[in-house]
1. With the condition being surrounded by fewer than 16 Cβ atoms within 10 Å (Cβ to Cβ), assigned by TED's automatic domain parsing to the domain that holds residue 9 and at pLDDT below 95, I'd like the strands (runs of 3 or more DSSP E) fully within the range 27-122 carrying at least 3 qualifying residues.
2. Listed residues 297, 277, 196; which is under 30 Å from residue 167 (Cα atoms), modelled with pLDDT of 70 or more and assigned to a helix (DSSP H, G or I)?
3. Which residues, taken from the range 73-104, are closer than 21 Å to residue 186 by Cβ and out of contact with any helix residue (DSSP H, G or I) (no Cβ under 6 Å at 6 or more places or on another chain)?
4. Scan the range 177-193 for residues that are in contact with a strand residue (DSSP E or B) (Cβ under 7 Å, 6 or more places away or on another chain) and either assigned to a loop (DSSP other than H, G, I, E, B) or farther than 20 Å from residue 142 by Cβ (or both) and report the count.
5. Give the number of residues within the range 237-274 that are surrounded by fewer than 14 Cβ atoms within 10 Å (Cβ to Cβ), at pLDDT below 90 and more than 34 Å from the chain's Cα centre (by Cα).
């Protein structure tokens, strides 16, 4: 099946010499949620802006639904909805009129039943006649989402969609995202809340300094790069570890716990041998527990490795 978005060797260089994107290629499948992660200035927003036709690439091509974003921009753009980082709304316009206007820009006929359903799904129906300047920051961001969905796009870009949104509203918005994916909408998001990407995404891409470092299914990424920490609880505190163990274990401040990091991909974890060595040195183990590395830890290690 042809990907809904096909990015082929895209680069963006400015006259100042700044390279915002450097030879990025990526295929995005229909109906998936792809999270793009990267530090500020990594190129995430530039890539989204190119796909949406807001920035012209220096090199490369992008096709959306088979339509080239430059030679067949109208057809490509009609398939896309964009929720930008910045909140830019006409302050004196009513919520419902904002959404109607955006739908009309795409040449779509009036559909009040759909707009009502859309606003209800975003908890905006009761605010439909409110001026946008009267809304909270979280509500304004919901209006941006409603505008992006007003023409029923096949692809939705969410550029830091939950910035400034409280926890309760954030959860409701992610439920909307799940519902959209269930309807077959492809979703590409950038977020600084890495726990959201870990919870929501099917695949995760990491961008740094304009380069796409990797794109992998979330489970594969967590398995390949994730490490586990074994936490060992002791019956009695230890003040000094034997030299043979000191370089492999991390002692807690009170000496009641020891930490041991190991690679899940290794043929042998070394745990059995470690526990035997502890017993040999008279260190009694009360309990053990393991914890998988989080996506945040993996992301930080990848970016630090690339910039080192």
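The values are calculated or read from the model by the stated rules, or taken from the named source; none is laboratory data. The shown structure was predicted, so the numbers you read here are calculated from the model rather than taken from an experiment. Cβ placement follows ideal geometry from the backbone for every residue including glycine, while neighbour counts extend to all protein chains displayed.
1. Of the strands (runs of 3 or more DSSP E) lying wholly inside the range 27-122, none has at least 3 residues that are surrounded by fewer than 16 Cβ atoms within 10 Å (Cβ to Cβ), assigned by TED's automatic domain parsing to the domain that holds residue 9 and at pLDDT below 95.
2. Values: 297 fails: modelled with pLDDT of 70 or more; 277 fails: under 30 Å from residue 167 (Cα atoms).
None of the others qualify; the one that does is 196.
3. Once the filter is applied, which keeps residues that are closer than 21 Å to residue 186 by Cβ and out of contact with any helix residue (DSSP H, G or I) (no Cβ under 6 Å at 6 or more places or on another chain), the range 73-104 yields 73, 74, 75, 76, 77, 78, 79, 80, 84, 85, 103.
4. Within the range 177-193, the subset in contact with a strand residue (DSSP E or B) (Cβ under 7 Å, 6 or more places away or on another chain) is 177, 180-181, 185-191.
Next, from what is left, pick out any that are either assigned to a loop (DSSP other than H, G, I, E, B) or farther than 20 Å from residue 142 by Cβ (or both): 185-186, 191.
Residues flagged as in contact with a strand residue (DSSP E or B) (Cβ under 7 Å, 6 or more places away or on another chain) and either assigned to a loop (DSSP other than H, G, I, E, B) or farther than 20 Å from residue 142 by Cβ (or both) within the range 177-193 amount to 3.
5. 9
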